[in-house]
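Enquirer: Please read through the structure below; I'll follow up with questions.
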Amino acid sequence: MSDPTDTGPNGEPPATPRASHLGYVAHEIRNPLSTALWTAELLARLPPEERGGARGERLAGMCMRSVARLRLLFEDHFLSERLDAGGYPVRPEPLLLAEVLDDAVARKPTAAIPIERAIDDGLRVMADRAILGRVLDALLAASAVEVAAVAVAASRQGARVEVRVSGAAPGSLTDPGKGAPSEQRGRSLALPMARRAAAALGGSLEVVGGAYLLSIPPA
């Protein structure tokens, strides 16, 4: 016989981790979507002379930030779903790790935060360029929060290449569930996506000693 304390406040079955995570995703998407729709509606109602003025610029800026946040959430969530379902074609190729990192740094929105690197220019990995880029994007974005610099180090360790990125928080790689804190930049699903992406590359991603440790095959 099941324990009645396992039910919710209205007698419903307890939420599974999957259901709790999807509830979190829906909540994260709903907020910026509501803001984008609200600001777009206000912009449409403004007279033409106000639309190009200060008020119109403020509303347009709010709308664009909300849409950008939505794009990140959708991209991270649906890549996670495709990786879980085995629906993403992984195409490994020999890559210079420093080049892929350069591309990720160029995309980093917090450009004012420097990257301190310790990577051999000739270090090569066997990986899908797009997926590895998404992993590095996620790690740089997560690390570049209230820090003066992000340290990235990589080296060959036997049959693996290990990439360490400073600034990791315990538990940050797990799928967030209902009630987990929101993230205003739209990156709340990036690290769980990166964990799945690392596995798809034949490697792993974990938090070790306050750093994100990405382990991937060498070329």
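Enquirer: Quick check on ARG129: is it more than 29 Å from SER20 (Cα to Cα) and of a type in the set (Lys, Arg)?
Expert: Values: more than 29 Å from SER20 (Cα to Cα): yes; of a type in the set (Lys, Arg): yes.
Against the criterion (more than 29 Å from SER20 (Cα to Cα) and of a type in the set (Lys, Arg)), ARG129 qualifies.
Enquirer: Please go through region 59-71 and pick out each residue that is more than 15 Å from GLU41 (Cα to Cα) and either surrounded by 20 or more Cβ atoms within 10 Å (Cβ to Cβ) or in contact with a Lys or Arg (Cβ under 6 Å, 6 or more places away or on another chain) (or both).
Expert: ARG69
Enquirer: What's the total number of residues in region 77-132 that are charged (D, E, K, R) and more than 20 Å from the chain's Cα centre (by Cα)?
Expert: Let us first name the residues in region 77-132 that are charged (D, E, K, R), namely 81-82, 84, 91, 93, 99, 102-103, 107-108, 116-117, 120-121, 124, 128-129.
Filter once more, keeping what is more than 20 Å from the chain's Cα centre (by Cα): 91, 93, 99, 116-117, 120-121, 124.
Qualifying residue count for the region: 8.
Enquirer: Go through ALA85, ALA98 for me and flag whichever is small (Gly, Ala, Ser) and surrounded by 12 or more Cβ atoms within 10 Å (Cβ to Cβ). If you could, list the steps in order and put the result at the bottom.
Expert: Numbers: ALA85 fails: surrounded by 12 or more Cβ atoms within 10 Å (Cβ to Cβ).
That would be ALA98, the only listed residue that is small (Gly, Ala, Ser) and surrounded by 12 or more Cβ atoms within 10 Å (Cβ to Cβ).
Enquirer: Could you list, ordered by first residue, the pairs with Cβ atoms under 7 Å in which the first is in region 185-205 and free of Cβ contacts under 8 Å to residues at least 12 places away in the same chain and the second is not in a helix (DSSP H, G or I), at least 6 apart or interchain?
Expert: Correct list of pairs: SER204/SER215.
Enquirer: Turning to a different aspect of this structure: If I ask for residues that are modelled with pLDDT of 85 or more and out of contact with any Gly (no Cβ under 9 Å at 6 or more places or on another chain), which ones from region 1-18 would you list? Walk me through how you get there before you give the answer.
Expert: Applying the first criterion (modelled with pLDDT of 85 or more) to region 1-18 yields 16-18.
Answer for region 1-18, where residues must be modelled with pLDDT of 85 or more and out of contact with any Gly (no Cβ under 9 Å at 6 or more places or on another chain): THR16, ARG18.
Enquirer: A further question on this structure: Answer yes or no: is there a residue in region 89-98 that is free of Cβ contacts under 8 Å to residues at least 60 places away in the same chain, assigned to a loop (DSSP other than H, G, I, E, B) and closer than 17 Å to LEU201 by Cβ.
Expert: Looking for residues that are free of Cβ contacts under 8 Å to residues at least 60 places away in the same chain, assigned to a loop (DSSP other than H, G, I, E, B) and closer than 17 Å to LEU201 by Cβ, one finds at least one in region 89-98, hence yes.
Enquirer: Please list, ordered by residue number, the strands (runs of 3 or more DSSP E) wholly in region 104-219 having 2 or more residues that are at pLDDT 95 or above and either surrounded by fewer than 18 Cβ atoms within 10 Å (Cβ to Cβ) or touching a helix residue (DSSP H, G or I) at 6+ places or on another chain (Cβ under 9 Å) (or both).
Expert: Working: elements: 115-118, 124-127, 150-157, 160-166, 204-208, 211-216.
By residue number, 124-127, 150-157, 160-166, 204-208, 211-216.
The values are calculated or read from the model by the stated rules, or taken from the named source; none is laboratory data. Please read all numbers here as calculations on a predicted model, not as lab measurements. Ideal geometry is used to build each Cβ from the backbone, glycine not excepted, and the neighbour counts take in all protein chains shown.
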